[in-house]
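Report on the structure given below.
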Amino acid sequence: MRTARNLAPAGLAAVLALTMTPAAAQAQTRATAPTLAQGVVQTQAITHAQAVSGTQSVSQAQNVSQAQNVSQAQSVSQAQGISQAQGVSQAVWRTDAAAGTSAAVHAAPQDVAYLRAAHRGHLAEIAAGKAALRKSRDRDVRGLAWRLIRDHRKLDARLRGVADRLDVRIPGSPSAEQRRDLRAVLSRSGHRFDRAWLRLQVDAHEHALWLGQRELRRGHSKWVKDLARDSAPVIRHHLRAVRAEL
C-alpha cells in the first residue's frame, strides 16, 4: 500500500488497471464501446457528407459548364443569324441599286403593254421601209425608208434588251392591223404609192409618240420609261421628215 501511494498519477492509473477484476474490465469496455461506435458513425457520416458535397460540387460544375456551352452556342447561332440577315440585306440592296427601283424588277402590266406595242411598231416600220425600197422610185422616199430601217432596228435592239431583263415575251411580227394597212399601201403604184406610204408613216409615228407618252404617265419600270423617253426624239424627227415630203 505504501508503494502505491508513492506512485505518480499516471503510474497509479496503470496499477489500478492491472489490479482491476475481470468483471470491472468488462464493465469498462461496455461503457467505452458506445462512445467508440458513435465516433465511427460520426466519422462515416462526415465522410459520406463530404462525398455527397463533392459529388454535388462536380454536378454543379458540370451544369455550369453545360450552361456556358449552351450560352456560347446560342451566341454563335445568333451571330450567324445576324450575319446571314446582313448578307441577305446587302444582296437585296445591291439588287435594288442595280435595278434603280424595286418596281423595275417585275414589269407592271402597263410596262409590258408598251414593250409589246412599241416592238410591233418597230417591226412594222422596218417592214414598211423595205417595201418602199422595193416599190418606190422617189429618191426622198427611198432615203426616208433607209432611215426608218436603220433607226427602228437600233431602237428595237434596245427594247429587246429591256424585255429580256424583265422577262417579257414580245411578239415576232407586226399586228394583223399593221400588216393589213401595209398591204393596202402596196396595192398602189407610182406616185399614189409614195403618198399612201407617207401618210401611213405619219399615222404610225403619231401612234408611237402617243404610246411613249402614256408609258411616261402610267409606267412603273425605270428601264421602260427611259426607253420611251429616249425613243421620242427619234420618232419626232421621223415624223417631221415624213410630213415635209407630203
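Numbers below:
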{"item": "Residue that is surrounded by the fewest Cβ atoms within 10 Å (Cβ to Cβ), among those in the stretch 190-246 that are at pLDDT 95 or above and not in a helix (DSSP H, G or I)", "result": "HIS220"}
{"item": "Among the residues listed as ILE170, ILE149, the single one being of a type outside the set (S, T, N, Q) and in a loop (DSSP other than H, G, I, E, B)", "result": "ILE170"}
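The values are calculated or read from the model by the stated rules, or taken from the named source; none is laboratory data. For clarity, every value in this text was computed on a predicted model and none was experimentally measured. For neighbour counting, all protein chains shown are included, and Cβ atoms are generated from backbone atoms with ideal geometry for every residue, glycine included.
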